[in-house]
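Peer 1: Sharing a structure below in structure tokens format, with a few things to ask.
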Amino acid sequence: MRKIIGTLGSHCSLQVLKGAKDEGFETLLITEKKRYHVYKRFGFIDHVILVDKFRDILESDIQNRLNKLNCILIPHGTLISTLSSEEIESINVPFFGNKFILRWEADRNLKQKLMVESKLQIPRTVKSKREINDLCIVKLHGAAGGKGYFLTSDQKGFEEGYNKLLNDNIVTDENSLYIQEFVRGVPVYLHFFYSPISGEIEFMGVDRRYESDIDGISRIPSKHQLNVPIEPTYNVVGNIPLVLRESLLEGVYEMGENFVLASEKLVPPGIPGPFCLEGVYTKDARFITFEFSARIVAGTNLYVSGSQYSDFLFQNGMSMGRRIALEIKNALKNRKLEAVLT
Ligand code: AMP
């Protein structure tokens, strides 16, 4: 049966739908009316559903329209930041990948459990503000894109940061904050794809983020930095391409493989499709993972024509969006569509 590939119009939708078109699928975009003036420019988008807000995807008439068109939805960061895990799970349209693992991405405790099961090295959790004795990063539960994070080296700094968030009505109690060792090194985002059809893990690319205003602080000479109290923020503005030292690839594949095995054990059916391990390479080249994304990440937008790594695996420039469409195509060919959908 003919399938259409659809996604929300934001985050990485251009890459996903261009890739679907390149693999021969019809494409569908669900987007907010105010964003349509961007998306109407692109010829690879066949169907458009305009909504007032992304949350309207929860309405049954939108879901009925998607199902009538035989749409497979590709989840991405906008879906996760817009809807709760319960709401995502309630959507009655086939999702590419495991929609139940998205809850493990959103919930810090579940996230930690999956990272431990994956044998990843993770930053030390500081249980109480009284135990802060080195540089720590304080995070909000469920915060997106580093908003509201602050750094501190002691209890006093924690209390100052907390009071500021309290005054700004961002938090209401200390328990909504989570204290973690600040890992020194360079942040790196590793993009993987797992194919249950071939049984292979593919390392597809790597990026670093360009975040405001932390990445601008080095442009201010230190004598001026000292005069202005700067609490850096980590709002992602874009992504910067990267290649790794080749000797790091062994560890990269091992982490990817362990993550796939742990996902299959804790959250069946596991992690068919894209995922990302997000962490810091320390000075002794250890990768300390502070986050994962259990779906396509926006850093893959760098590689619409393929990456330094996907070029080793595929003939045609293979973006992550296109790889998703190829997996659906292979699953249809092998009559194994249920292995890649939930
Ligand atoms: P996140 O929202 O978790 O992706 O993190 C936002 C920013 O905080 C990223 O730039 C990370 O590099 C940084 N970050 C998060 N956790 C840590 C950590 N434990 N140590 C050092 N940097 C971190």
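Every number in this text was worked out from the coordinates using simple rules, so none of it is lab data. Quick caveat: nothing in here was measured; it's all calculated off a predicted structure. Please note: Cβ atoms are built from the backbone with ideal geometry, for glycine as well, and neighbour counts cover all protein chains shown.
Peer 1: From a point 7 Å beyond the Cα of residue 246 in the direction of its Cβ, which residues of the stretch 299-342 have a backbone N at a distance under 19 Å?
Peer 2: Counting backbone N atoms under 19 Å from the label point, the list is 307-314.
Peer 1: Mind giving me the nanometre distance, one decimal, between the label points for residue 141 and residue 33, set 7 Å out from Cα along Cα→Cβ?
Peer 2: 3.7 nm
Peer 1: Let me ask something else. More than 38 angstrom separation, counting every C-alpha pair in the chain; what % is that?
Peer 2: It works out to 18 percent of all Cα pairs.
Peer 1: Related question: Each residue of the stretch 85-94 in turn: what ³J(HN,Hα) in whole Hz from Karplus with 6.51, -1.76, 1.60 and θ = phi - 60°, glycine and Pro shown as x?
Peer 2: 4, 4, 5, 4, 5, 7, 5, 9, 9, x
Peer 1: Just to verify a number: FRET efficiency for residue 282 and residue 175, C-beta to C-beta distance, R0 = 35 Å, to 0.05?
Peer 2: 0.75
Peer 1: What does the net charge come to around residue 10 if you take all other residues with beta carbon closer than 12 Å to its beta carbon, with K and R at +1 and D and E at -1?
Peer 2: +2
Peer 1: Taking the C-alpha atoms of the stretch 1-117, how large are the radius of gyration and the largest Cα-Cα span, Dmax, in Å?
Peer 2: Spelled out, the Cα radius of gyration and Dmax of the stretch 1-117 are 14.6, 45 Å.
Peer 1: Given a Förster distance of 35 angstrom, what is the FRET efficiency for residue 2 paired with residue 186, based on the Cβ-Cβ distance and rounded to 0.05?
Peer 2: Using R0 = 35 Å, I get an efficiency of 0.15.
Peer 1: Leaving out same-chain residues fewer than 8 places away, which lysines sit with a Cα under 29 Å from that of residue 127?
Peer 2: In chain and number order, the partners are 111, 113, 119, 139, 147, 156, 164, 265, 283.
Peer 1: In nm, give the distance between the simple-model label positions of residue 154 and residue 314, each being 7 Å from the Cα along the Cα-to-Cβ direction.
Peer 2: Distance between label points: 5.3 nm.
Peer 1: Additional query: Can you order the peptides 236-242, 127-133, 263-269 by their average number of other Cβ atoms within 10 Å per residue, highest first?
Peer 2: 263-269, 236-242, 127-133
Peer 1: What's the extension gain from residue 48 to residue 264 if we count 0.36 nm per residue and subtract their Cα-Cα distance?
Peer 2: The residue 48-residue 264 span can extend by a further 74.3 nm.
Peer 1: Sequence gap at least 6, Cα distance under 8 Å: using those rules, report the relative contact order of the stretch 38-155 to the nearest whole percent.
Peer 2: Relative contact order of the stretch 38-155: 16 percent.
Peer 1: A follow-up question, please. Label residue 222 and residue 329 with points 7 Å out from Cα along Cα→Cβ: what is the distance between them in nm?
Peer 2: With each label point 7 Å from Cα toward Cβ, the separation is 5.4 nm.
Peer 1: Taking the Cα centre of the stretch 125-181 as origin and charging only Cβ (+1 Lys, Arg; -1 Asp, Glu), how large is the dipole, in debye to the nearest 20?
Peer 2: 100 debye
Peer 1: Next question, about the same structure. Can you tell me which aspartates and glutamates have their Cα less than 16 Å from the Cα of residue 21? Leave out same-chain residues fewer than eight positions away.
Peer 2: Correct list for residue 21: 46, 327.
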